[in-house]
1. Once Lys and Arg get +1 and Asp and Glu get -1 on their Cβ, which of ILE226, GLY305, LEU463 lies farthest toward the positive end of the dipole of the chain?
2. How far is it, in nm, from the label point at ARG82 to the one at ASP341 when both lie 7 Å from their Cα along the line to the Cβ?
3. Neighbouring Cβ atoms within 10 Å as the yardstick, rank ARG40, ARG151 fewest first.
4. Show that you can apply the helix-only estimate: for the chain, add -39,500 (n - 2.57) for every DSSP H stretch of four or more residues, divide by all residues, and state [θ] at 222 nm to the nearest 500.
5. How do the peptides 52-58, 298-304 rank, highest first, by the average count of neighbouring beta carbon atoms within 10 Å per residue?
6. With a cut-off of 8 Å between alpha carbons and a minimum separation of six or more residues, what is the relative contact order of the range 367-477 in percent?
7. For the chain, build the charge dipole from Cβ charges (+1 Lys, Arg; -1 Asp, Glu) around the Cα centre, then report which of GLY253, ALA138, PHE406 sits farthest towards its positive end.
8. May I ask you to derive the relative contact order of the chain, considering only C-alpha pairs under 8 Å and at least 6 residues apart, and to give it as an integer percent?
Amino acid sequence: MTTIAEQTLPATPRPAETPTPGVIAAVDLGSNSFHMVVARWAHDGLVILDRIREMVRLGAGLDSRGNLSQEAMDRALDCLGRFSERLNTMHADDVRIVGTNTLRKARNRDDFLGQAAAVLGHQIDIISGVEEARLVYAGATHSLPRFDGGRLVVDIGGGSTELIVGQDNEPRQLESLYMGCVSVSRRFFPEGKVEADAFRRARLFARRELEPVIDRYQNAGWEQAIGTSGTIRATSRILAHLGGTSGEISLAGLQELGKQLVSGGSKNSLKGLSDERAPVFPGGVAILTEVFEALGVESMTVASGALREGLLYDQVGRLTDEDARERTVRSLQERFHADRDQARRVALTATRMLEQVADAWDLRNPNASLLLRWAAALHEIGLDIAHAKHSRHAAYLLAYADMAGFSTGAQHVLSGMVGNQRRKFRKEMYEGVPPQWQERALRMTVLLRLAVLLRRSRRPMGLPEISVQADDEGLVLEFPPQWLEEHPLTQADLEQERDYLDAVGVSLGFR
């Protein structure tokens, strides 16, 4: 009889018929603009097929209670309808859509996300500020010639500013600050008028946000400063008109630009500044000026790549052999001294059960297998903190750690699964899980719990072949004849598990 332990678990399941991606698309739902870029992978590089950018100003639709206005949501949905039409025309094989600062903050974001997913035909991932910074760095550095020294990359978005220091294509320090061109412009220039005192206060606000990271970033060993996204590109164009530069941004140029904004007093006629960028430009200039002064930047080169291009390169990695999520899981295992042999045994058992119930339990989504395997890999990292309540410690780490490659929704799925790996189910653990994954997360947790239970002895010996049947009511496990009688501890654990699962409406049978 073939046992579970005698089979090998692949590092990452990938479709054999598509070793490299074809047409891929990335959509960035920013606080100021929505961007879509479609590309094809050819000759070990990305060939851009199409780009679309629309100024949506989603961040301007946040009210004082943190809710998105219906008007802002309607603007966004109209834009996404046009994006959807283009995606369908381009026949993209793989599409990834992410939301950033405004969607991280919006209290009613689930209302918008449900409508947006229906329009696009694809789910939307909300990513953390640090994950946004990682992707920005990837997009910026891939768009520039190779540079042997350290790089500082700055991205001023609508609601946040990302600072990254790295070498080659590897980021070393990542930070996301709660200030952006939309939020600062709304706060200090609400009527569009740029007065000297308001500009001074906007710069002071930016300096206060930068203060906790100044020393760390001044001493991070970077030699070249790179800027990306709308504010910095607009600044480069305007300074080229003002001083005839080739696109480099200098502190002197920024200071002159600040004087021009103040002397103009409102939406002025700066050459190179578009009408749609003008309302949020003063806040962006205030932030950028303080970044230069606080971090000692002398000049800045503008990169064409940003978050959406970083998403494309991340997608290529997921489809080939450089999935950032795999590296993150391995790193967490190392950092918290996880027993990798036990994790592998639990993962093998859980995924073998998943194969048998995937159709009945709506778990054919490829992310279900990945998330279950990663949950198994990380289910014991809480032991490095304390044995008592170690599942809760692990759940907290997975919910709040900076996990490169993971969306916040995926982190909450992992957290809920690992936090409920044993004993009583706590449904509050799934509160951050995206609505479309709530039922799946609970069902995957059941499989993880059973795998942990069946591998409780921690021995390398194999389990027998276990038949698993599922329906809407629950699961039935069928063991070889006499096996449970010969393993009374496992049978007792299953009897107790039946009571735990019954409390959340899942029946468990075994024979």
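Readers should treat all values here as calculations from the given coordinates under stated rules, not as data from a laboratory. Everything quoted here is computed from the prediction, not taken from an experiment. Here the Cβ is made from the backbone with ideal geometry for all residues, glycine too, and neighbour counts use every protein chain on show.
1. ILE226
2. In this crude spin-label approximation the distance works out to 6.0 nm.
3. Values: ARG40 16, ARG151 24.
So the residues, fewest neighbours to most, are ARG40, ARG151.
4. Details: 19 runs with 238 residues, N = 511.
My calculation for the chain gives -14500 deg cm²/dmol from helical runs alone.
5. Values: 52-58: 20.3, 298-304: 18.1.
Highest to lowest by the protection proxy: 52-58, 298-304.
6. Details: 115 pairs, mean separation 22.9, N = 111.
Relative contact order, the range 367-477: 21 percent.
7. GLY253
8. Values: 936 pairs, mean separation 72.5, N = 511.
This gives 14 percent for the chain.
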